[in-house]
Structures are given as structure tokens and as C-alpha cells.
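Please treat every number below as a calculation from the coordinates, not as lab data. Since the structure is predicted, the reported quantities are computational estimates derived from the model, not experimental observations. Positions of Cβ are backbone-derived with ideal geometry, glycine not excepted, and every protein chain shown enters the neighbour counts.
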Amino acid sequence: MEEITEGVNNMNIVDSHKKNRIQRYMQQYNEVELSALGMAIATVVTIAEILKKTGLAVEKKIMTSTVEMKDESRGRPIQKAKIEILLGKTENFDELMAAAALEREAAEGDEQS
């Protein structure tokens, strides 16, 4: 569980909210597909790696491509890098999430005391 806390502490607030949203989605469904364009690729890869490292997700598939978009300032088409990462739940996903919830509750109880 220390790895989960460490991973979350190393992320900025925006990334942490995205990671929590992904975890809630994975609780309902068995897999999630993360995709990003251009500069956002680093964020998606970071979140995927933290989920994998903490034992919550396994990588099922990674696809990369380029997509053509219109450059608003110049009015001409440009190529953007795109990544799609398909993650699935690990066998002990539910156990890890339950343990993390217990840790949060204990920490909140300590703060209120």
C-alpha cells in the first residue's frame, strides 16, 4: 500500500484526479482505454505506469499513430502523435482498492482525533 500512496504523492493534483477517476471506472468495468494526443501523451503514460506499478492494472495493448488535424492559427493540416493504452484489472485489484480505502479511513480518523 505504501507504493500507492507514494505514487499518488508523486503526481500533481490534476493527474491524481484523473487516476482516481480511472480507478472508479475500472471498479465498474474490467478495462479502460486511455488515449492522448501530442503533449498529453506523457500524462497518460505516467498514469498508466503508476497503475501498473501499484498492481492495479495490467497492460493489454498499446497503439500509436498519427492523426491529421487543422492548425487553427495557420489554417493548414498538421500531424499529431496519438497513443491508445488499453489497461485491464489485475486479479487483486479489488483487494488493493479495499486496502487503500481502509488506509484513507484510518488517516481521516487520525486527523479528526
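Give the peptides 46-57, 61-72 in descending order of average Cβ contacts within 10 Å, highest first. Before the final figure, lay out the partial values.
Values: 46-57: 19.7, 61-72: 10.3.
Sorting 46-57, 61-72 by mean packing, highest first, produces 46-57, 61-72.
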Using the Karplus equation 6.51 cos²θ - 1.76 cosθ + 1.60 (θ = phi - 60°), what ³J(HN,Hα) coupling, rounded to whole Hz, does each residue of the stretch 73-80 give in order, writing x for Gly and Pro? 6, 9, x, 10, x, 10, 9, 10
What is the extension gain from ASP71 to ASP94, computed as 0.36 nm multiplied by their sequence separation minus the C-alpha to C-alpha distance, in nm to one decimal? 3.9 nm
